[in-house]
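The values are calculated or read from the model by the stated rules, or taken from the named source; none is laboratory data. Quantities reported herein were computed from a predicted structural model and do not represent experimental measurements. So basically every Cβ, Gly included, is an ideal-geometry build from the backbone, and we count neighbours across all protein chains shown. For accessibility, only protein heavy atoms count, side chains too; no ligands or nucleic acids. Shrake-Rupley method; radii C 1.70, N 1.55, O 1.52, S 1.80 Å.
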Amino acid sequence: MGFGAFAGCLDNFSSLTDTPLGARAGHGRYTAISGGDTGGSRDLSALVERNFMAVEPVSLVPAEGPGDGMFQSTDPQSGYTFVIGPPQADLRLWRRCMDGAREVYRQFGTEEALEYDKVIDGRSTTLFGVALDSDGRAIAGMRVSGPYRHVDEVHAVASWAGLPGEIAFRRMVADQIPEGVIEGKAGWTARDVEHRGALVDWIARAYVHSMVLLGVRYQVGVAPEHALRCYRSSGARVAWWIPASSYPDDRYRTVPVWYDMQTYRSVATESQIRLMDAELSEFMESGQELPTTWVPSEGLA
């Protein structure tokens, strides 16, 4: 997924696909424009109930401060604030998130996998998530791209070109695209913070939240074997029939990974499910608005 080695999970570099896999309460209302209608509203509970259905296009709340135009939740144990939204909601916060990722990836010699210069304008990123400490410092983050309309757009699949299992990986993702596929990338945590385990767990949950917010059924990427526990904790599955590769270099054994909104709860740990449900409830209360144009069956295999 480009989720990556999870620069922070087990003290190794991270990303769901880049390595071809890391306060305040929100406010406002989640308003959706349905089809060709000019009005109509629904809160995020509708999203949670239907889980994998698409979200209709909605407007974006402009940011007034760090993360104010984004979905927010607060971790009761650490006190960290978790925010998720599109880069254009807060471009300065987006850059701080990616600067943090670059610093961590650089420490592990995997900065090239981040493709910082290519993605820093935010145009290829649909949503990003960032954790903030009490001083407003970005201490963990992630991002997702998509939903994709064709399998050739998926970075994780492209990274598998010429490797054993390429055809099987490509076929798997192509079959998923009609029901919505996003790709998780650039998971990272700062190394000098308290409650680091809580941050690692949150990044794994943030990938699931992205699927709910974007109304897609699947998320795909690749992850190193040492980071699989992180992603499995929030419901990820491993494509065991596809041989592992040494991506991005010989230090790593990397495998394709995916989430399915219809089955992830049967894989995730009970503690992660409880936290995901609590965070989604906070999202519902904040009611922030999210722009998206994807609808079911737009994807092409």
Within region 68-86, identify whether any single residue is modelled with pLDDT under 95, part of a loop (DSSP other than H, G, I, E, B) and open to solvent by 60 Å² or more (accessible area, probe 1.4 Å), and answer yes or no.
yes
Given the residues Arg191, Arg143, Arg232, which is the only one that is modelled with pLDDT of 95 or more and open to solvent by 20 Å² or more (accessible area, probe 1.4 Å)?
Arg232
Looking only at region 180-200, count every residue that is of a type in the set (Lys, Arg) and either out of contact with any strand residue (DSSP E or B) (no Cβ under 9 Å at 6 or more places or on another chain) or within 13 Å of Met142 (Cα to Cα) (or both) and tell me the total.
1
Among the candidates Ala156, Ala138, Ala161, Ala198, single out the residue that is open to solvent by less than 10 Å² (accessible area, probe 1.4 Å) and of a type outside the set (S, T, N, Q).
Ala156
Considering region 101-119, residues that are surrounded by fewer than 18 Cβ atoms within 10 Å (Cβ to Cβ) and not charged (D, E, K, R), and then whichever is farthest from Ala89 (Cα to Cα), we arrive at Gly109
Does Val200 count as within 13 Å of the chain's Cα centre (by Cα) and part of a helix (DSSP H, G or I)?
yes
Every residue from region 206-220 that is part of a helix (DSSP H, G or I) and either surrounded by fewer than 24 Cβ atoms within 10 Å (Cβ to Cβ) or of a type in the set (Ser, Thr, Tyr) (or both):
Tyr207, His209, Ser210, Val212, Leu214
Which residue out of Ala174, Ala227, Ala223 is in a helix (DSSP H, G or I) and within 23 Å of Ser266 (Cβ to Cβ)?
Ala227
Do we find that Arg237 is of a type in the set (Lys, Arg) and over 14 Å from Gln272 (Cβ atoms) in this structure?
yes
Test: Leu300 is at pLDDT below 95, in contact with a Leu (Cβ under 7 Å, 6 or more places away or on another chain) and of a type in the set (A, V, I, L, M):
no
